Every structure is written in structure tokens, then in C-alpha cells.
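Remarks on the structure that follows.
The values are calculated or read from the model by the stated rules, or taken from the named source; none is laboratory data. Just so you know, these numbers come straight off a predicted model, no measurement behind them. Here Cβ is always computed from backbone atoms with ideal geometry, including for glycine, and neighbour counts include all displayed protein chains. Note: areas computed on protein heavy atoms with side chains; ligands, DNA, RNA excluded. Shrake-Rupley method; radii C 1.70, N 1.55, O 1.52, S 1.80 Å.
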Amino acid sequence: MAPTPILPGAAQMDLYLPLLKGKSVAVFANQTSLIGNTHLVDTLLARGIHIKKIFAPEHGFRGDADAGEQVSSLSDAKTGIPIISLYGSKDQPSAADLQDVDIMLFDIQDVGVRFYTYISSLQKYLESAIANHRPVIVLDRPNPNGFYVDGPVLTPSFKSFIGMQPIPVVYGMTIGEYGRMLVGEHWLDTAKALQQSGFQLTVIPCRNYTHKSKYILPVPPSPNLPNRQSVYLYPSLCFFEG
């Protein structure tokens with residue numbers, strides 16, 4: 001019998017489309033933000049969702065910028081929607097960016113390693129949402145390194161964008177679970193504001209996924225992680241990047 005397919009949060013459209021109807025939406029996404037073979041942005045537009053702007057992480061919206069490369073803000077050639085880079089000199093949405101936004105959506109494929117910058121981008125995204133009183137929906141995706149936990153815990157004095165929290169190198173959580181931990185452990189810089197604002201974080205879970213699952217990514221999450229072997233070796237080999 002064939003194994004039951006794992007469906008990411010984005011595929012559970014019945015759980016989050018009602019939350020987006022009639023709202024102005026900001027989407028944090030890249031080339032991994034797919035529903036089947038169609039990009040999340042294209043799928044939402046086809047369903048009548050009003051996307052005001054796209055935020056992009058390291059490697060850009062289409063995922064073709066090299067590691068550490070400066071990514072500029074522009075507009076999406078296909079849809080004309082403004083793209084705002086949140087990597088480099090600007091790492092989180094400003095109040096002006098969110099002025100015409102009702103709700104913030106996050107859908108990025110992570111690989112479960114502390115120095116992979118997408119979890120830092122998630123933290124900054126959440127902090128901006130709290131500061132500007134906007135709800136966030138995280139469309140969860142499986143962690144391809146989510147079946148174990150390993151490596152030293154970050155020393156807080158060495159905090160940077162490639163390591164913001166005291167977690168192991170391989171931390172064994174999906175990005176949605178990690179987002180919940182950031183909120184629950186009061187690790188966000190806006191923790192006091194969080195207690196007063198009634199911040200709403202909604203995580204749309206994966207279906208048929210457990211932490212024993214060996215998930216093969218359908219799309220390379222960044223240029224230097226093109227296949228399963230590179231994803232498995234990344235927690236060790238990235239130490240040589242310097």
C-alpha cells in the first residue's frame with residue numbers, strides 16, 4: 001500500500017481561505033510556497049483573495065539569489081504586486097508597509113537548522129505584526145530534518161540573524177511549531193506588547209506528518225540546497241561556510 005501523502009498547511013485551503021476573504025493580505029513567500037504545482041500567490045488570486053504586497057526572504061521571491069546576496073525590492077513580473085525584500089538592510093515590515101494590510105500570511109519551506117535564516121525572518125515578521133496589531137497566519141510545512149535534535153545550543157551573547165534564540169543547531173520542529181514557541185516562550189522583542197495586544201497567531205498544520213516522517217522537499221529551498229543529500233549534510237557542512 002502506498003504511503004499516505006503529506007500535505008503542507010497551504011494545501012488545507014478550507015482552514016484559512018475563510019480567514020482571508022474580504023481582507024487585504026500581505027504574503028511572505030518564495031519559490032517553495034506551492035499548492036501542488038501552482039504558487040500560493042497565483043492560487044489565492046484565482047480564489048479572489050486581495051493580495052496587497054509580497055514580502056521576500058533571503059534568496060528572493062523566486063529563490064534565485066545566492067546566499068547572503070542583497071535582494072532588492074521590486075514588483076512581481078507575473079502579477080504586478082509589489083515585492084518588498086526583508087533581507088539585508090531591512091529585515092521586517094514597517095508600519096507604512098502594513099498600513100493597507102489587514103492580515104499577514106507566512107508560507108516558507110524551512111529545513112530545521114538554526115542558521116538557516118527563514119526562522120529569523122519569521123521572528124521579525126511576528127514582531128512587526130505584534131507592534132502593528134496585525135494577525136498572522138503561518139501555513140506550516142514539514143521539516144526535512146525534523147526527525148532528530150542535535151548540536152549545541154546557541155550562546156545568547158552570539159545572537160545574530162543566523163542564530164537568534166537558544167536552540168540547538170538541529171531543533172526538530174516545523175516552522176509553525178517554532179513560531180508558536182517564539183510566542184509561548186516570550187522570546188520576541190515585543191513580548192510585553194504581546195501580552196497587551198491580544199495578538200493572534202494561527203498555524204495551519206500539515207496533514208499526515210509526524211516527526212518520524214522523512215519528507216523529501218518538492219522544490220529546492222535555496223540555491224545551495226538542491227537535493228535531499230545537501231539538506232541532510234547542511235547542519236554540519238555549513239560550519240565551513242565562513
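General remarks:
- Only Lys, Arg (+1) and Asp, Glu (-1) charged, at Cβ; the range 142-238 dipole about Cα centre in debye: 220
- Count of lysine pairs in the chain with Cα separation under 25 Å (8 or more residues apart, or interchain): 20
- When the charge dipole of the range 1-65 is built from unit charges on Cβ atoms (+1 for Lys and Arg, -1 for Asp and Glu) and taken about the Cα centre, the candidate among 36, 46, 10 whose Cα reaches farthest toward its positive end is 46.
- Rounded to the nearest 20 debye, dipole of the range 111-166 from Cβ charges on Lys, Arg, Asp, Glu: 140
- Here's the picture: charge each Lys and Arg Cβ at +1 and each Asp and Glu Cβ at -1 in the range 144-242, and of 184, 204, 157 the one pushed furthest to the positive end of that dipole is 204.
- Take the Cβ atoms of residue 94 and residue 37, set R0 to 41 Å, and the FRET efficiency comes out at 0.75.
- Taking GluC sites (Glu not before Pro) across the range 151-242, the ones in a DSSP loop with at most 12 further Cβ atoms lying within 10 angstrom of their Cβ are 185, 241.
- Nitroxide proxy distance, nm - points 7 Å out along Cα→Cβ at residue 212 and residue 74: 4.6
- Accessible surface computed residue by residue for the chain, with neighbouring protein chains in place and a 1.4 Å probe, gives 46 Å² per residue.
- Ellipticity estimate at 222 nm from DSSP helix runs (n ≥ 4, -39,500 (n - 2.57)) divided over the chain, nearest 500: -6500 deg cm²/dmol
- Carbon and sulfur %, accessible surface of the range 114-232 computed with the full protein complex present, 1.4 Å: 54
- About its Cα centre, the chain has a charge dipole of approximately 440 debye under the convention of +1 per Lys or Arg Cβ and -1 per Asp or Glu Cβ, with nothing else charged.
- When peptides 232-238, 167-173 are ranked by their average number of other Cβ atoms within 10 Å per residue, the highest-first order is 167-173, 232-238.
- Take every DSSP beta bridge whose two residues both sit in the chain; close to 30 percent of them are antiparallel.
- Per-peptide packing, taken as the mean over residues of other Cβ atoms within 10 Å, places 84-93, 217-226, 21-30 in the sequence 21-30, 84-93, 217-226 from highest down.
- Two-site label geometry, residue 229 and residue 17: point separation in nm, points 7 Å out along Cα→Cβ: 4.1
- For the chain, radius of gyration divided by Kirkwood radius, i.e. Rg to Rh on alpha-carbons: 0.93
- Loop trypsin sites (Lys or Arg not before Pro), the range 133-242 (other Cβ atoms within 10 Å of the site Cβ: 16 or fewer; DSSP): 159, 212, 214
- In units of the rule-of-thumb radius 2.2 N^0.38 Å, the range 83-211 shows an alpha carbon radius of gyration of 1.03.
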